[in-house]
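> Below you'll find the structure I mean.
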Amino acid sequence: MRGNPEVVDYLNMLIGGELAARDQYLIHSRMYEDWGLSKIFERIDHESQEEGSHADALIRRVLFLEGTPNMNRDDIEVGTDVVTCLKADLALEYHVREKLAQGVKLCEEKGDYVTRDMLRQQMSDTEEDHTYWLEKQMRLIELIGLPNYIQSQM
Ligand SMILES: [Fe+2]
Ligand SMILES: [Fe+2]
């Protein structure tokens with residue numbers, strides 16, 4: 001089914017962000033694993049897979065709307081320790097959340113309600129799962145101190 005060209009372009013832009021999120025979580029999770037932090041490794045490895053499934057849903061929707069999926073991912077920011085990794089991931093989630101919100105608005109304007117619902121679902125994962133979890137980690141670090149936090153993630 002032919003989709004609205006602006007919606008298709010917008011979805012293509014969003015794919016780049018989801019692929020970046022997938023890869024950023026992938027490298028951070030492997031770094032945590034290398035540092036012996038198994039608990040946070042598992043969590044972040046799971047996030048990487050979830051971002052991959054967001055990209056997958058967008059790619060399938062672009063194909064369905066008779067567009068050509070853009071597979072160029074946005075740049076990633078790789079941290080050097082636990083705090084810079086968490087901060088980089090949080091910044092990325094805030095950025096993606098803004099882009100999804102604008103996408104929901106565009107889909108409304110163009111009357112593409114199925115795409116809108118898909119983006120709304122991804123926004124809920126972004127806000128209530130990924131962002132919320134990262135914000136909680138930053139609060140825990142403030143509360144118990146970095147060494148205790150790191151110990152809790154071994
Ligand atoms: Fe995502
Ligand atoms: Fe996310």
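> Could you list, ordered by first residue, the pairs with Cβ atoms under 6 Å in which the first is in region 123-142 and in a helix (DSSP H, G or I) and the second is within 16 Å of ligand 1 (Cβ to nearest atom) and β-branched (Val, Ile, Thr), at least 6 apart or interchain?
Short answer, once both residue conditions are applied: Thr126/Val96.
> On to the next question. If the requirement is being more than 13 Å from ligand 1 (Cβ to nearest atom), closer than 27 Å to Leu37 by Cα and under 18 Å from the mean Cα position of the chain (by Cα), which of these qualifies: Met154, Met138?
Met138
> Would you mind finding the one in Glu109, Glu93 that is over 18 Å from Phe41 (Cβ atoms), within 13 Å of ligand 1 (Cβ to nearest atom) and part of a helix (DSSP H, G or I)? First the steps, then the outcome.
Numbers: Glu109 fails: within 13 Å of ligand 1 (Cβ to nearest atom).
Only one candidate qualifies: Glu93.
> Limited to region 116-140, what total is found for residues that are surrounded by fewer than 13 Cβ atoms within 10 Å (Cβ to Cβ) and among the hydroxyl-bearing types (Ser, Thr, Tyr)?
Filtering region 116-140 for residues surrounded by fewer than 13 Cβ atoms within 10 Å (Cβ to Cβ) gives 117, 124, 128, 132, 136, 139.
After this cut, where a residue has to be among the hydroxyl-bearing types (Ser, Thr, Tyr) as well, the list is 124, 132.
Result for region 116-140: 2.
> Next question, about the same structure. For Met13, all conditions in the list (1) surrounded by 18 or more Cβ atoms within 10 Å (Cβ to Cβ); (2) away from ligand 1 (no atom under 12 Å from the Cβ); (3) among the aliphatic types (A, V, I, L, M) hold save one; what is the number of the exception?
(1)
> Which one of the conditions (1) among the acidic types (Asp, Glu); (2) under 20 Å from the mean Cα position of the chain (by Cα); (3) more than 16 Å from ligand 2 (Cβ to nearest atom) does Glu109 fail to meet, given that it meets all the rest?
(2)
> Is it true that Glu77 is in contact with an Asp or Glu (Cβ under 9 Å, 6 or more places away or on another chain) and modelled with pLDDT of 95 or more?
Details: in contact with an Asp or Glu (Cβ under 9 Å, 6 or more places away or on another chain): yes; modelled with pLDDT of 95 or more: yes.
When the stated conditions are applied, Glu77 passes them.
> Is it the case that some residue within region 100-115 is surrounded by 18 or more Cβ atoms within 10 Å (Cβ to Cβ) and closer than 26 Å to Arg30 by Cβ?
Checked region 100-115: no residue is surrounded by 18 or more Cβ atoms within 10 Å (Cβ to Cβ) and closer than 26 Å to Arg30 by Cβ.
Yes/no per residue for (1) loosely packed, with under 13 Cβ neighbours inside 10 Å; (2) in contact (Cβ under 8 Å) with a residue 12 or more places away in the chain; (3) hydrophobic (A, V, I, L, M, F, W, C):
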site: Pro69; (1), (2), (3): no, yes, no
site: Asp75; (1), (2), (3): yes, yes, no
site: Thr80; (1), (2), (3): yes, no, no
site: Val83; (1), (2), (3): no, yes, yes
site: Leu86; (1), (2), (3): no, yes, yes
site: Leu90; (1), (2), (3): no, yes, yes
site: Glu93; (1), (2), (3): no, yes, no
site: Val96; (1), (2), (3): no, yes, yes
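> Consider only pairs whose beta carbons are under 8 Å apart and that are at least six residues apart or on different chains; among these, list those whose first residue lies in region 1-18 and is closer than 15 Å to Glu108 by Cβ and whose second residue is assigned to a helix (DSSP H, G or I) and among the aromatic types (Phe, Trp, Tyr).
Cβ pairs passing all conditions: Gly3/Phe64.
> Conditions: (1) surrounded by 17 or more Cβ atoms within 10 Å (Cβ to Cβ); (2) free of Cβ contacts under 8 Å to residues at least 40 places away in the same chain. Leu37 meets all but one. Number of the miss?
Exception for Leu37: condition (2).
The values are calculated or read from the model by the stated rules, or taken from the named source; none is laboratory data. Every value quoted in this text rests on a predicted model; they were computed, and no experiment measured them. Reconstructed Cβ throughout: ideal geometry from the backbone, glycine too, with neighbour counts over all protein chains shown.
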